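Engineer: Below is the structure I would like to discuss, written out as structure tokens.
The values are calculated or read from the model by the stated rules, or taken from the named source; none is laboratory data. Remember, it's a predicted structure, so these values are computed and weren't measured experimentally. All Cβ positions, glycine included, derive from the backbone under ideal geometry; neighbour counts span all protein chains shown. SASA here: full protein model, heavy atoms, side chains in, ligands and nucleic acids out. Shrake-Rupley method; radii C 1.70, N 1.55, O 1.52, S 1.80 Å.
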Amino acid sequence: MNLKKRLIAANAATVAIPVLITALVAIAYLFIYSKLYGNIYSWESYQRASKIEAALMDTERLIQQESPDAIADEKFQRLLRQKIAEIGGELIILKDDSVIYTSLDAPGIGKIELAKALEAGQNKPGKETIVISSQSFTVQIIEQDPADAAGGTVLLLVPPDQEANGLIQFLIVIGLTFLCTFIATNILISYQFSRAVLQPLNHLQHAADEIRTGNLDCQIAEEGDREIEALCRDLELMRLKLKESIHTQLKYEDNRKMLISSISHDLKTPVTSIKGYVEGILDGVANTPEKTEKYLKTIYVKAEQVDKMIDDLLLYAKLDLNQIPFNFERTDVQEFIRSCLLESEPELENNRIHTEMFSDLTQKRCVFLDRERMKRIVMNILDNSRKYMDKDEAVIRVLLRETPSSIIMEFQDNGCGVSEKDLPYIFDRFYRSDQARTGIEGSGLGLAIAQQVVEGHQGIIWAMSHGKEGMSILISLAYLKD
Ligand SMILES: Nc1ncnc2c1ncn2[C@@H]1O[C@H](COP(=O)(O)OP(=O)(O)O)[C@@H](O)[C@H]1O
Ligand SMILES: [Mg+2]
């Protein structure tokens, strides 16, 4: 439910539910009452009430019309008695505070009853009931002209309207029912509203506090009404993004530290040997021209290694920051591999390494390639095969296969291979197997660069070990459909 609807429903319910319950109680009350005592307010009772009202007014008019002395007149007293008897009432006539006439039986009206009747008639005329001779009455007082000292007072005792009492009871019950259900519904709906709106907001506030203090693991559950649920979802996404960005930042920080320590370590080795050879020359250890030339050549080779390492490092850093744009062009895979092999063949032949190419492609397949950069990768892979070759009959095979959507290029050699333990790490920058570190020059960046370039082509690169019989590097690239 959304918040607006909930507010409307809550407001409607606080009125509708009490009204409904009150109506039901009223119906039930009327039903039970009518079963027990007959109709609560019938036409007859209305008629009776009207008759009493009319008789009272008539009597009052009669009394007021007559002279003050008339009430002492027996004929007039009889007339009044007759009038009041028609509605089942009784009559007391007072003059100078003493009873001069009463329609009640003489012993029925004592001083106490008279005082009660006077009090009821003055305070709540027609409302308060008094009991005289085990009969209930309400009292109406009619005073003759109070200015006239001769005037008297007439007390009209009227039988109470039982049904009016029933009606009052009914109204009290209904009123109380409405009040109680109104309070109960309000409490209930407020509680419900707080559960659906305030509780999720409290949870949100708690989560926001946690995030503010740096605890990004505090999950925000989606709960509450639609708007609040959406807010929870957005905040949860924000939390995840924040967590991810902090994680990436920490990773970059770690990488940076690792990079610096690896660079310093890997550069230090050739620089130390350059220093050693220079010292050798300066100290006169290289005392023959042949020795000096040998020292200088070694220094040159080491300096070149440092140069190449710095080149690789710069390239890697640029690729890592996505600073070099790729220059993709539609390229025939077979032709591309052939051109790479052609370029590295002389060097490989020099090292007595034989190259072969096998293609399972059924037709000419083209891929989008940055020729320059991909060629560098292939040359690097072939150069690794050359560097880590330990067999007399050295062979590098390039195998081309296709899947329904991609071309797989496999560069397989029968060199020393990598152990299963090193295999997962050879694409990590600066990673070199122990075997490679002993004597074979390299920066440990070649395959890391290859991975970046292949991923820049939306491709995949991986390695397969053939134990002591060498290894394969495989590259998969999506081919272009005609
Ligand atoms: N053809 C291969 N045969 C055996 N080991 C290889 C081969 N290619 C790569 N490796 C291993 O993977 C590591 C990482 O290769 P690379 O990133 O090119 O670094 P580098 O050639 O500078 O050592 C190498 O040090 C080596 O241990
Ligand atoms: Mg290499």
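Engineer: Which whole number in µm²/s is D for region 227-319 by Stokes-Einstein, with the Kirkwood Rh taken over Cα pairs at 25 °C and 0.890 mPa s? Each step should come with its number before you reach the end.
Structural biologist: On the way: Rh = 17.3 Å.
Translational diffusion coefficient: 142 µm²/s.
Engineer: List the pairs from K75/K95; K4/K241; K275/K302; K302/K387; K387/K468 whose alpha-carbon separation is above 19 Å, in the order I gave them. Please report the intermediate quantities before stating the final value.
Structural biologist: Numbers: K75/K95 17 Å; K4/K241 30 Å; K275/K302 10 Å; K302/K387 17 Å; K387/K468 15 Å.
With Cα atoms farther than 19 Å apart: K4/K241.
Engineer: Can you give me the orientation-averaged projected area of the convex hull built on the Cα atoms of the chain, in nm²? Present the calculation step by step, with values, prior to reporting the outcome.
Structural biologist: Numbers: hull surface 210.2 nm².
Mean projected area of the Cα convex hull: 52.6 nm².
Engineer: On a 0 to 90° scale, report how tilted helix 3-37 is relative to the longest principal axis of the chain, with both axes built from alpha carbons and the result rounded to the nearest 10.
Structural biologist: Taking the Cα atoms of the chain, the angle to 3-37 is about 30 degrees.
Engineer: A follow-up question, please. Accessible surface of M238 in the full protein assembly, 1.4 angstrom probe, to the nearest 10 Å²?
Structural biologist: 100 Å²
Engineer: OK, next. With the crude spin-label approximation of a point 7 Å out along Cα→Cβ, what separation in nm comes out for I281 versus L171?
Structural biologist: Distance between label points: 12.2 nm.
Engineer: Where nothing but the Cβ of Lys and Arg (+1) and of Asp and Glu (-1) is charged, how large is the charge dipole of region 326-478 around its Cα centre, in debye to the nearest 20?
Structural biologist: Working: 19 positive and 25 negative charges, 56 e Å.
Using Cβ point charges on Lys, Arg, Asp and Glu, region 326-478 gives about 260 debye.
Engineer: Another question about this same structure. Mind pulling the angle between the C-alpha long axis of helix 74-86 and the longest principal axis of the chain? Nearest 10 degrees, somewhere in 0 to 90.
Structural biologist: Relative to the chain, helix 74-86 is tipped by roughly 30 degrees.
Engineer: Roughly how big is region 227-319's charge dipole about its Cα centre, with Cβ charges of +1 (Lys, Arg) and -1 (Asp, Glu), in debye to the nearest 20? Mind dumping the intermediate values first?
Structural biologist: Details: 15 positive and 16 negative charges, 44 e Å.
With only Lys, Arg, Asp and Glu charged at Cβ, the dipole is about 220 debye.
Engineer: If the only charges are +1 at each Lys and Arg Cβ and -1 at each Asp and Glu Cβ, what is the size of the charge dipole of the chain around the Cα centre, to the nearest 20 debye?
Structural biologist: That gives a dipole near 980 debye.
Engineer: Measure out, as a whole number of angstrom, how far apart the alpha-carbon centroids of region 257-311 and region 358-435 sit.
Structural biologist: So the two Cα centres are separated by 31 Å.
Engineer: Moving on to the next point. So if R0 is 51 Å, what FRET efficiency would L321 and E469 give, r being the distance between their Cβ atoms, rounded to the nearest 0.05? All intermediate terms of the calculation are to be shown ahead of the outcome.
Structural biologist: Working: r = 39 Å, r/R0 = 0.76.
Once the sixth-power term is evaluated, E becomes 0.85.
Engineer: Within the chain, what whole-number % of the accessible surface is contributed by carbon and sulfur, with the 1.4 Å probe and all protein chains included in the calculation? Write out the running numbers ahead of the final one.
Structural biologist: On the way: 16530 of 29270 Å².
Carbon and sulfur: 56 percent of the exposed surface of the chain.
Engineer: In the neighborhood of E223, defined by Cβ-to-Cβ distances under 15 Å, what is the net charge if each Lys or Arg adds +1 and each Asp or Glu adds -1? Display every interim value, and only then the final one.
Structural biologist: Numbers: positive: R6, R195, R226, R233; negative: E222, D225, E227, E229, D234, E236.
It works out to a net charge of -2.
Engineer: Hey, what angle do you get for helix 371-387 against the long axis of the chain, alpha-carbon based, 0 to 90 degrees rounded to 10?
Structural biologist: Roughly 60 degrees, rounded to the nearest 10.
Engineer: Stretch I112-E253 to full length: gain in nm at 0.36 nm per residue minus the Cα-Cα span?
Structural biologist: Values: separation 141, 0.36 × 141 = 50.76 nm, distance 10.45 nm.
Gain in length upon complete extension: 40.3 nm.
Engineer: Region 447-482 to region 1-66: how many Å between their Cα centroids?
Structural biologist: 91 Å
Engineer: May I ask you to give the solvent-accessible area per residue for region 326-478, in square angstrom, as obtained with a 1.4 angstrom probe?
Structural biologist: Numbers: 7600 Å² over 153 residues.
Accessible area per residue, region 326-478: 50 Å².
Engineer: Let me ask something else. Just name one of S45, L204, W462: the one whose Cα is farthest towards the positive end of the charge dipole of the chain (beta-carbon charges, Lys/Arg +1, Asp/Glu -1).
Structural biologist: W462
Engineer: Excluding residues fewer than 8 places away in the same chain, name every one of the aspartates and glutamates whose C-alpha is closer than 16 Å to that of K111.
Structural biologist: D96, D97, E119
Engineer: Now for a different question. Which aspartates and glutamates have a Cα less than 14 Å from the Cα of K375, not counting those fewer than 8 places away in the same chain?
Structural biologist: Reachable aspartates and glutamates: E329, D332, E335, E343, E345, D383.
Engineer: What FRET efficiency, computed as 1/(1 + (r/R0)^6) with R0 = 30 Å and r the Cβ-Cβ distance, is obtained for K308 and K421, rounded to the nearest 0.05? Walk me through the numbers on the way to the answer.
Structural biologist: Numbers: r = 27 Å, r/R0 = 0.91.
Using R0 = 30 Å, I get an efficiency of 0.65.
Engineer: To continue, here is another question. Putting +1 on Lys and Arg Cβ atoms and -1 on Asp and Glu Cβ atoms, find which of A9, S344, L315 reaches farthest to the positive end of the dipole of the chain.
Structural biologist: Working it through, the farthest residue towards the positive pole turns out to be S344.
Engineer: Do you know the relative contact order of region 68-160, to the nearest whole percent, from alpha carbon pairs under 8 angstrom that are 6+ apart? Show your work: numbers first, answer last.
Structural biologist: Numbers: 151 pairs, mean separation 28.9, N = 93.
It comes to 31 percent, rounded to a whole number.
Engineer: Out of L114, G152, G89, whose Cα points farthest toward the positive end of the dipole of region 68-160 (charges: +1 Lys, Arg; -1 Asp, Glu; placed on Cβ)?
Structural biologist: Result: G89, furthest along the dipole toward the positive end.
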